[in-house]
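The values are calculated or read from the model by the stated rules, or taken from the named source; none is laboratory data. Fair warning: this is a prediction, and the values are worked out from it, not measured in the lab. Glycine gets a Cβ as well: all are built from the backbone with ideal geometry, and neighbour counts include every protein chain shown. Just so you know, the surface numbers come from the protein's heavy atoms only, side chains and all, with ligands and any DNA or RNA stripped out. Shrake-Rupley method; radii C 1.70, N 1.55, O 1.52, S 1.80 Å.
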Amino acid sequence: MTPMEDAYDLASGADLTIAAGGRTDHFIDPATRQRTLSAPRVLGTPVGDFRLSARVDVAFAATFDAGVLLLWADDDVWAKLCFEYSPDGQPMVVSVVTRGVSDDANSLEVDGHRVWLRVSRSGPSFAFHASTDGDRWEFVRHFALPVDAGAVRVGFSSQSPTGAGCVTRFSKVRFETEPLADLRDDT
């Protein structure tokens, strides 16, 4: 079985549950170039501009367990917006952009095991936002990937890089085909 087969369970409506096995992740270490591309993922190929958002509930058990909205071009070019368990035991929003190697940027801390995440594309660029209530969005990151925007897939993942596994539930999933009017707008 590959990491993308049988790793997810579709629930009623727009809910999706993904169970990641232990020692799963998407990360290319910038210091060692060690590649870990083993986390389960569910991806679709959008056409044109879009916004994908979901409420993300994570059953945190180990450091770096996370629920993820994922942009994927290929094994060397991708980006993820994570709701992740920090080494300090604090849930937080983290973003990673990979262009041959991965970077890693921490964003806001979150109380509890739930947050809303949003991934957007507008022309050649992408944006990440997070929300604690699903209404007011915090800007996390704006970036480009070195590919034709039409080649990027978008979807969901769950990871457990240091643990025995992680279950993530994505609900209130929304897919819209218009870009954000303003990257810094909180709506």
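Please go through the stretch 150-182 and pick out each residue that is open to solvent by 50 Å² or more (accessible area, probe 1.4 Å), of a type in the set (A, V, I, L, M, F, W, C) and not in a strand (DSSP E or B).
Ala151, Ala164, Ala181
Six or more apart or on different chains, Cβ under 8 Å: which pairs go from a residue in the stretch 30-43 that's on the phi > 0 side of the Ramachandran plot to one that's assigned to a loop (DSSP other than H, G, I, E, B)? Could you list them?
Pairs that qualify, where the first residue is on the phi > 0 side of the Ramachandran plot and the partner is assigned to a loop (DSSP other than H, G, I, E, B), are Arg33/Val101.
Scan the stretch 115-137 for residues that are surrounded by fewer than 16 Cβ atoms within 10 Å (Cβ to Cβ) and of a type outside the set (S, T, N, Q) and jot them down.
Matches in the stretch 115-137: Gly123, Pro124, Asp133, Gly134, Asp135, Arg136.
Could you check the stretch 18-60 for strands (runs of 3 or more DSSP E) lying wholly inside it with 2 or more residues that are farther than 24 Å from Asp148 by Cα and under 16 Å from the mean Cα position of the chain (by Cα)?
50-58
Restrict the check to the stretch 149-165 and report whether at least one residue is in contact with a strand residue (DSSP E or B) (Cβ under 6 Å, 6 or more places away or on another chain), more than 20 Å from Arg41 (Cα to Cα) and not hydroxyl-bearing (Ser, Thr, Tyr).
no
If you go through the stretch 42-82 one residue at a time, how many are of a type in the set (Lys, Arg) and closer than 18 Å to Ser122 by Cβ?
The total comes to 1.
What residue, of Ala54, Ala66, Ala105, is open to solvent by 10 Å² or more (accessible area, probe 1.4 Å) and at negative phi?
Exactly one residue qualifies, and that residue is Ala105.
If I filter the stretch 76-96 down to residues being touching a strand residue (DSSP E or B) at 6+ places or on another chain (Cβ under 6 Å) and in a loop (DSSP other than H, G, I, E, B), which single residue comes out as most open to solvent (accessible area, probe 1.4 Å)?
Result: Gln90.
Exactly one condition in (1) surrounded by fewer than 24 Cβ atoms within 10 Å (Cβ to Cβ); (2) under 15 Å from Ser160 (Cα atoms); (3) in contact with a Gly (Cβ under 7 Å, 6 or more places away or on another chain) is false for Gly44; which is it?
(2)
Assuming Pro146 fulfils every condition listed in (1) open to solvent by less than 50 Å² (accessible area, probe 1.4 Å); (2) under 19 Å from Val77 (Cα atoms); (3) assigned to a loop (DSSP other than H, G, I, E, B) apart from one, which condition is it?
All conditions pass for Pro146, except number (1).
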